[in-house]
Every structure is written in structure tokens, then in C-alpha cells.
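Undergrad: Quick one: the structure is below, questions incoming.
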Amino acid sequence: MTPEQIYVYTEEIYIHAQVALSNYATFQNVVADPRSRQSREAWVFLQGFLSHFGMVSKLLYAPSAREKMSKDRAKELRDYLDTNEESALNDRDARNAIEHLDERLDNWLSKEGKDILECVFENRVGYEFLQRDEWIIRRVYLIEEQVFMTEEKDGPKEMHLNPIVNELSRICVLCNEKLDGHKPYHMIMPNHG
């Protein structure tokens, strides 16, 4: 890639990582308060976090390995941003929780005789108290462990969010350092006078 292309991709990764982290911080504030933790707004911020994390993940780990351009771009960006295949940013389960939500909703809503669970629990004890075979897990969050759960075709999937948050934080700092004072192209922007 050219320096201009690397700059644009790095800037895009930085923007999505920052928005993801902002959404996660707000989500943490909402679920910390017992009065708001079960609100729809909690899920708004968690979904925002997962969506923007997903975009960072897509840029660094090409969703389609068949497309050479995407694969080459992802590899070059991972090298540029000191990120490897084992990074939490390559968490396909967390990315798929958003990318395939439409398919999951179709599947969940077609199940007769099962209720849908959407709940924030302080810890695993509250979650394990339920008769889990009677529920389809739309969204569950365990505050103590920072674990998000959702139902996949083969049952509930648990995702530890703290490693993703830590890696997004690291990538933000690195992107900011790489972008600072280095613009290989000209931008037209309104005067902030």
C-alpha cells in the first residue's frame, strides 16, 4: 500500500476503536447503576461497542480470505500496527454476534416454547440460577467477569470483553502515534476560526 492508503486505513481503525471504547465506557456506567442496568440503553451501547469493534476486526482480519486485496491489506495493516493472529481483535465470535444478528433473530424467533433472555447479572450465580434450557439467550452480560453471552446455532457462546477492550486501547494509542503530525495527503476542511 502507499503511505496515503496506510494513513487512511490507520485513521479509520483509530476512529472505530475510539468509538467502540467510548460506547463500552458508557455501557459500563449504565450497568454499574442498578437503576439503569436492565434498560434498553445498556444494549444500545454494547451493540455500538461490538459494531465498531467489528469494523476494526474486519480491517485487520479480512472477512473474506478469498479476496487477495482484502487479505493483503489486512496483513499489511497488522504488520504496521504490531498486531498478530492471536490478538483479541481477531475474536470472530464477538464480530459474528453483530454481523449475523439478523440470522440469529430469525432462528430465535422461530423456536416455539422458549422464552428469550436479555439480562444483566452481577455475577454468574444469578445466571446459573435459571433453568437455561428453557431460554434462548438474546443478550446476557455478567458484570463481574465482563462476559457477554448470546445464543448461536449450537447453544450459548461466551465472549470475554476485557481482552478486546485492552487491545482496542492499545491500538488507539499506536494509531494516534502513527497519525500524529504525518499527513501524506491534503485535506479540505472548514476553517475552525
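Derivation of every value follows stated rules applied to the coordinates shown; laboratory data play no part. Everything quoted here is computed from the prediction, not taken from an experiment. Reconstructed Cβ throughout: ideal geometry from the backbone, glycine too, with neighbour counts over all protein chains shown.
Undergrad: I need THR26, THR150 ordered by Cβ neighbour count within 10 Å, fewest first.
TA: Lowest to highest Cβ neighbour count: THR26, THR150.
Undergrad: Taking only the alpha-carbon positions of the range 5-74 and ignoring solvent, what does the Debye formula give for the base-10 log of I(q)/I(0) at q = 0.19, 0.22 Å⁻¹?
TA: Values returned for q = 0.19, 0.22 Å⁻¹ are -0.73, -0.85.
Undergrad: Sorted from fewest to most neighbouring beta carbons within 10 Å, what does the list ARG95, ARG78 look like?
TA: Going from sparsest to densest Cβ surroundings: ARG78, ARG95.
Undergrad: If you stretched the chain out fully between LYS178 and GLU145, how much longer would it get, using 0.36 nm times the residue separation minus the C-alpha to C-alpha distance?
TA: 8.6 nm
Undergrad: Then there's this: Per DSSP helix of 4 or more residues, -39500 (n - 2.57); summed, then divided by the residues of the chain. What does that give at 222 nm, rounded to the nearest 500?
TA: Taken over the chain, the calculation gives -18000 deg cm²/dmol.
Undergrad: Tilt of helix 162-179 relative to the longest C-alpha principal axis of the chain, in degrees (0 to 90, nearest 10)?
TA: Result, in degrees: 10.
Undergrad: SER169 to ASP79: extension gain in nm, 0.36 nm per residue of separation minus the Cα-Cα distance?
TA: Difference between extended and current length: 30.7 nm.
Undergrad: Starting at 0 and stepping by 10 Å, how many percent of the alpha carbon pairs of the range 34-94 end up in each bin?
TA: Pair shares across the bins are 21, 40, 21, 13, 4.
Undergrad: Once amide H atoms are built 1.01 Å from N in the peptide plane, which residues 5 or more positions from GLU152, or in another chain, come under 5 Å H to H?
TA: Counting only residues 5 or more places away or on other chains, the set is LYS157.
Undergrad: Report, as a whole number in µm² per second, the diffusion coefficient that Stokes-Einstein gives for the chain at 37 °C and 0.692 mPa s using the Kirkwood radius over alpha carbon pairs.
TA: So the translational diffusion coefficient is about 180 µm²/s.
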